[in-house]
1. At R0 = 35 Å, how high is the FRET efficiency between Tyr29 and Lys104 if r is their beta carbon distance? Nearest 0.05 is fine.
2. For Ile166 and Leu38, compute 0.36 nm times the residue count separating them, minus their Cα-Cα distance, and round to one decimal in nm.
3. How would you classify the stretch 1-112 from its alpha-carbon gyration tensor, with a ≥ b ≥ c the square roots of the eigenvalues: rounded for a/c under 1.5, else prolate if a/b is greater than b/c, otherwise oblate?
4. Which of rounded, prolate, oblate describes the stretch 58-97, given a ≥ b ≥ c as roots of the alpha-carbon gyration tensor eigenvalues and a/c under 1.5 marking rounded, otherwise prolate only if a/b is larger than b/c?
5. Take each of the peptides 60-71, 106-117, 162-173, 177-188, average the number of other beta-carbon atoms within 10 Å over its residues, and list them starting from the highest.
6. Does the stretch 45-164 come out rounded, prolate or oblate, given a ≥ b ≥ c as the square roots of the eigenvalues of its C-alpha gyration tensor, rounded meaning a/c under 1.5 and, failing that, prolate meaning a/b above b/c?
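Bear in mind these aren't lab numbers, they're just calculated from the coordinates by the rules spelled out. Owing to the predicted nature of the structure, the values given are computational and were not obtained by experimental measurement. Every residue, glycine as well, gets a Cβ built from its backbone with ideal geometry; the counts of neighbours run over all protein chains shown.
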Amino acid sequence: MNMIKKNSFADNFALFQLLIIPIGVAINYVGGNLAILLKLPLFLDVIGTCFAAMIAGPWIGMLTGILTNSMIGITQPMAFMSIHVQIVIALTVAILSKKKMLTKVWKFALSCLILVIMTLCASLPTQIFLLGGVTGSMTDIVTATIVKAGLPLWMGVAATQFVSNIFDKSSALIIAFLIVRAMSPRFLSKLRYGDIYMSMKKKTKKHAVQEPKEPSQN
């Protein structure tokens, strides 16, 4: 039985779907600023995008990412240059969620790798041709070291960003998943891909109830 709802295009923008957008934007904003405040070698500014796309689909995920970078771009114009990365992340996570790739550990691990590769493909051209390999983060030091060792700029940026994204995007996907798992089934039932994670809750609950009985002692 297919648990994914067969909604029309208009249903992507139903009230409960739209409510996810400000929540996702807030999560992105808090996560990004927390990473800056703690001087972490991560960005953590796509957690909300992953969260929104995971349960509400690609359109809500994309709007969450676009609004996040547009808001940040008011004070940090460089954010406008990575809006397309948010869009790619939203599309990737939505597809992975729809295909139920986030329901098992090995599938989740593979999904993290896919998300890292898709993010790298989307961000690499901008970082090399428009920014000259500079991202404004601590990873620039690593890139400079690799280039100084004699490797091409694109290879230095690609290697640095791949390693960085493994931690950053995997963390974002894990945190987003934990938020979804903590949500009420009543709320999940109103979201496009909510049934997928409701079924996970039911399986977990059923497994907890069916504990093996201790053998009786005669």
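1. 0.65
2. On the way: separation 128, 0.36 × 128 = 46.08 nm, distance 1.92 nm.
Residue separation times 0.36 nm, minus the Cα-Cα distance, leaves 44.2 nm.
3. Details: a/c = 2.27, a/b = 1.42, b/c = 1.60.
Oblate, because a/c is 1.5 or more while a/b does not exceed b/c.
4. Prolate shape, in that a/c is at least 1.5 and a/b is the bigger ratio.
5. Ranking, from highest mean packing down: 60-71, 162-173, 106-117, 177-188.
6. Note, shape of the stretch 45-164 comes out oblate.
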